[in-house]
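The values are calculated or read from the model by the stated rules, or taken from the named source; none is laboratory data. None of the values given here were measured: they were computed from a predicted structure. For neighbour counting, all protein chains shown are included, and Cβ atoms are generated from backbone atoms with ideal geometry for every residue, glycine included. Please note that ligands, DNA and RNA were not included when accessible areas were found on the heavy atoms of the full protein model with its side chains. Shrake-Rupley method; radii C 1.70, N 1.55, O 1.52, S 1.80 Å.
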Amino acid sequence: MRTCAESFEGYILRSLGRDWGERLLPRGLDITLCDQIFLIASGMIWNVYFAVFSISIGFFLATAVAVARFSENPWLNRPAGAFIFFFRGSPLFIQFFFFYSAFVLLPRGGIDIPLGFVTLNVDTSPLTTAAVGGLIVLILNTTAYSAELFVGALRSVPKGDLEAADAYGMAGFTRFRRVVWPNMLRLAWPSYTNEAIFLTHSTTLVFLSAFPARQQSGEAFYYARYFVDQTFNPFVAYPIVAAYFIALTLAIIGVFGLVNARLNRHLPREKRARIRFRPQYLR
């Protein structure tokens, strides 16, 4: 029977691959509580990876899509609207299957892009991995949802602020950067916080869907299901996963709360928007 110290050493980084811990996962009667705690904690590395990169990249893409959707130019407005409609109108679980199937159909040898004087070969094999392909799906999904939030915020920017910007002679990108964008973030931030939380929870779908877990390297829920299959006891592994995600949710609320306070620092305290976690049960 392993000690907790041995379980920590063998499994705390096991989700990164067999080179980072025990080659084989614990089985049957050899599974201890510490094995479950530390191996599931190891899987949280993937959940944090997916959440951090998808939210970070999706934030900037969502801003661009929201500006295009808000634009009066139909060549920008309509493609942005179609993008938002597609990713908001279809289940995230189906998107994982769809994109994985599409990525598998790409040439295994890569795609040749002729540039005239040289031909660039783009390797497409990483797209079939969760680290790249699954991340792309999450980025596109959160971009669509966040863009819709930002569009609503753009429509709610106070006219007085826009008139003041015009009075100061601001125009173009300067007006957007100093007046429109800060107001957009301030108005959308509480809802965007909920989107970040929900996306973090959605990272449990990456390995549950089509993307494979190579060398038994998966996220927290992947290992929780493994332990349930081995022990036939769902009342240990699943509560451990829930506890880790509750802690991660509290961390997100704390970080985003600091940003929210920064965005609303110019307002009286009683008028500052507060972040409230409102879970979405259907998406």
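Details
- Only a single item in (1) farther than 26 Å from Ala66 by Cα; (2) among the aliphatic types (A, V, I, L, M); (3) at pLDDT 95 or above is not met by Leu140, and it is number (1).
- A single entry from Val132, Val122 fulfils the requirement of being open to solvent by 40 Å² or more (accessible area, probe 1.4 Å), modelled with pLDDT under 90 and β-branched (Val, Ile, Thr): Val122.
- In the stretch 72-111, the residues that are assigned to a loop (DSSP other than H, G, I, E, B), on the phi < 0 side of the Ramachandran plot and not charged (D, E, K, R): Asn73, Ser90, Pro91, Leu105, Leu106, Pro107, Gly109
- Against the list (1) within 20 Å of the chain's Cα centre (by Cα); (2) surrounded by fewer than 20 Cβ atoms within 10 Å (Cβ to Cβ); (3) over 26 Å from Ala68 (Cα atoms), the condition Arg225 fails is (1).
- For the stretch 52-90, filtered to residues that are under 22 Å from Thr129 (Cβ atoms) and touching a residue at least 60 places away in the same chain (Cβ under 8 Å), the residue that is surrounded by the fewest Cβ atoms within 10 Å (Cβ to Cβ) is Phe53.
- Screening Arg88 on (1) in contact with a Gly (Cβ under 9 Å, 6 or more places away or on another chain); (2) under 21 Å from Ser54 (Cβ atoms); (3) of a type outside the set (A, V, I, L, M, F, W, C) shows it passes everything except condition (1).
- Listed conditions (1) surrounded by fewer than 23 Cβ atoms within 10 Å (Cβ to Cβ); (2) more than 23 Å from Tyr100 (Cβ to Cβ) are all met by Thr204, apart from (2).
- Subset of the stretch 135-165 [open to solvent by 10 Å² or more (accessible area, probe 1.4 Å) and of a type in the set (S, T, N, Q)]: Ser156
- Entry remark, the stretch 22-33: residues being of a type in the set (D, E, K, R) and either part of a helix (DSSP H, G or I) or open to solvent by less than 20 Å² (accessible area, probe 1.4 Å) (or both) number 1 in total.
- Residue in the stretch 34-44 that is in a helix (DSSP H, G or I) and open to solvent by 60 Å² or more (accessible area, probe 1.4 Å) present: no
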